[in-house]
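Here, each number is a calculation from the coordinates, and none is a lab measurement. Just so it is clear, the model here is predicted, and its values are computed rather than measured. Because the Cβ atoms are built from the backbone with ideal geometry, glycine has one as well, and the counts that use them run over all protein chains shown.
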Amino acid sequence: MFDRSNAKTTDPQAAEPAAHDRTWPLIGAGDPPPFEVVNPDGAAPFLLLCDHASRAVPRSLRQLGVADWVLDRHVACDIGAQALTLALSEHFDAPAVLAGYSRLVVDLNRQLHDASAFIKVSDGIAIPGNIELDEAGREARIQSFFEPYHEAVSAALDRFTARGQVPGVLSIHTCTPVYNRVVRRWHVGVMWDQDPRIAQPLIGQLSAVPDLCVGDNEPYSGAHPNDFTIDHHAERNGFPCVGIEVRQDLVDTPEGALHWAGVLARAFEPVMADPDLYALRER
């Protein structure tokens, strides 16, 4: 498993794709970098994360053997999550770290020993480039995508702690409106595990919005062991944190994403404005 204590620190602002960069062996000239850092010096006291922002696949992996239409589906990225994250970053003047590559290459929100980190079949769709993935190929993906992204998250959080500030961490995701033939009625889900400091008041704010159906650890639970990013970067360090899931059919257009970013922003504003929130949680 990726260990923050042994991570090489990468300056997110200086990161550029390069074929000769030995730390990114699968990323060539013309490929995007493994992460994007937006507004690194933003004034907000919290960091936004988007693990599944991108549908990109590096040229070296030959699109993982999947057809073009697969990369347009939810199996490749969280539809609308990038737009939500960028809109929230602008609204709050908050720094944000967004993934540069598809979850099909490696799922950044999974522990590396989990089978779904390099998923072979996603929602009934076979991913040929992952079926015969050997240890060398797996390690190259870890070095090229997984480690750089999480190092960038660590570096962004270190910016807060270097100035003596305890950061909040907000992880933005989206989910399909139907899963395993079950219709998901929730418009927004609030994911949390051990730390209720953001989640509980946020649920209260969202529940006050007329006709809004809010999930408390629905449709996914923040306590699920597959949830890596928040656990690794926030909960184990005592930072206040929460995960958000917005239904994809609500944010699959620019207009929809902007509208729901506004709904989230209005709910987050009073919660994140509480100065008492920004303290280390004792474990």
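Please label the shape of segment 151-222 as rounded, prolate or oblate, based on the square roots a ≥ b ≥ c of the eigenvalues of the alpha-carbon gyration tensor (a/c under 1.5 means rounded; beyond that, a/b larger than b/c means prolate, else oblate). The shape class here is prolate. Secondary structure note: in segment 153-283, about 40% of the DSSP beta bridges are antiparallel. Note on TYR101, TYR149: ascending count of other Cβ atoms within 10 Å places them as TYR149, TYR101, the fewest first. Label segment 72-137 by shape, choosing from rounded, prolate and oblate, from the square roots a ≥ b ≥ c of the eigenvalues of the Cα gyration tensor; if a/c is under 1.5 it is rounded, and otherwise prolate applies when a/b is larger than b/c, oblate when it is not. Prolate.
With the contact rule set at Cα under 8 Å and sequence spacing of 6 or more, what percent relative contact order holds for the chain? It comes to 22 percent, rounded to a whole number. Measuring r between the beta carbons of ARG163 and ILE131 and using R0 = 45 Å, the FRET efficiency lands at 0.45.
An oblate overall shape is assigned to segment 124-265, the ratio a/c of its alpha-carbon gyration tensor axes (a ≥ b ≥ c) being 1.5 or greater and a/b not exceeding b/c.
Loop sites by DSSP among the GluC sites (Glu not before Pro) of the chain, restricted to those with at most 15 other Cβ atoms within 10 angstrom, leave 133-281 as the longest stretch without any of them. Legend: ranking of residues ILE244, ILE142 from fewest to most surrounding C-beta atoms inside 10 Å; resulting order ILE142, ILE244.
One chain, two ends: ALA223 and ARG138. Fully extended at 0.36 nm per residue, the span grows by 28.0 nm beyond their Cα-Cα distance.
Amide H contacts of PHE46: GLY168, each under 5 Å away and 5 or more positions distant or on a separate chain (H built 1.01 Å from N in the peptide plane; Pro and chain starts excluded). Here the chain carries DSSP beta bridges of which approximately 40% are antiparallel, counting only pairs with both residues inside. When the Gaussian network model of the chain links Cα atoms closer than 10 Å, the mean-square fluctuations of ASP231, ASP134, ASP252 top out at ASP134.
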